[in-house]
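Below is one structure; the comments refer to it alone.
The values are calculated or read from the model by the stated rules, or taken from the named source; none is laboratory data. Please read these numbers as outputs of a predicted model, since none were measured by experiment. Cβ: placed from backbone, ideal geometry, glycine included. Neighbour counts: every protein chain shown. Ligands, DNA and RNA are excluded from the accessible area calculation, which covers all protein heavy atoms including side chains. Shrake-Rupley method; radii C 1.70, N 1.55, O 1.52, S 1.80 Å.
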Amino acid sequence: MGLGNTERQFGPVARALHWWSALLVIGAIALIETKGWFEKGSDTRALLGLLHMQAGALILLLTVPRIVWRFTQLLPRITPAPPAWQDGLAHLMHFVFYAVLIALPISGVLMKQAHGDSLTLLGLSLPALIAPDASLRENLHELHELLGNAMIALIIAHVAAAVVHHRVQRDDTLTRMLPGKG
């Protein structure tokens, strides 16, 4: 069995990139939401923030090859074919997903740097891209939070669409991406 997509099925590389990204995004959201349960300045809160940032770095690192793989591989067709408007909406949704998957971690890094924090992601020290700036930090924080909420909405819409395709339209949209298929 090859690694690439076929006319009917996403290949193991596409599926792995999809599901690892999904797990990391859900994990990053869970970590940042859980962080708020702990007192500011506590070791647990700091650890959850650090793990959130590491998950974000991994998401960014997976997104770049994921986009390259997506646009260099055959896109399996959906059987039976959905209406053209659904196909167009799906392509738009995937474009927005990729944009948010890139913008979220970058905004997080810039937000921390605008706060004056030095960052080590995945064991590598990041150079400061911007100088500390309280006003910019606040704007970046709002952007990061907005993008995070957009990601949650995208996930809900994505899962709902997969369920509708599988249960209502009875097409193979969902089964083309399930882990272990092939």
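Hey, residue 129 hits all of (1) assigned to a helix (DSSP H, G or I); (2) in contact with a helix residue (DSSP H, G or I) (Cβ under 8 Å, 6 or more places away or on another chain) but one; which does it fall short on?
(1)
Which residue pairs have Cβ atoms closer than 9 Å, lie 6 or more positions apart in sequence or on different chains, and pair a first residue in the stretch 42-62 that is closer than 16 Å to residue 112 by Cβ and open to solvent by 40 Å² or more (accessible area, probe 1.4 Å) with a second residue that is among the β-branched types (Val, Ile, Thr) and part of a helix (DSSP H, G or I)?
Every condition considered, the pairs that remain are 53/109; 60/102; 60/106; 60/109.
Going through the stretch 50-76 one residue at a time, which ones are modelled with pLDDT of 95 or more and over 28 Å from residue 12 (Cβ atoms)?
Within the stretch 50-76, just 52 meets the criteria.
Scan the stretch 119-141 for residues that are surrounded by fewer than 16 Cβ atoms within 10 Å (Cβ to Cβ) and among the charged types (D, E, K, R) and jot them down.
133, 138
Filter the stretch 100-118 down to residues that are open to solvent by 30 Å² or more (accessible area, probe 1.4 Å) and polar (S, T, N, Q), then give me how many there are.
1
Looking only at the stretch 155-182, count every residue that is in a loop (DSSP other than H, G, I, E, B), free of Cβ contacts under 8 Å to residues at least 60 places away in the same chain and among the basic types (Lys, Arg) and tell me the total.
Of the residues in that region, 1 qualify.
As an exercise: evaluate residue 76 against (1) surrounded by 15 or more Cβ atoms within 10 Å (Cβ to Cβ); (2) in contact (Cβ under 8 Å) with a residue 60 or more places away in the chain; (3) in a helix (DSSP H, G or I) and give the number of the one condition it does not meet.
(3)
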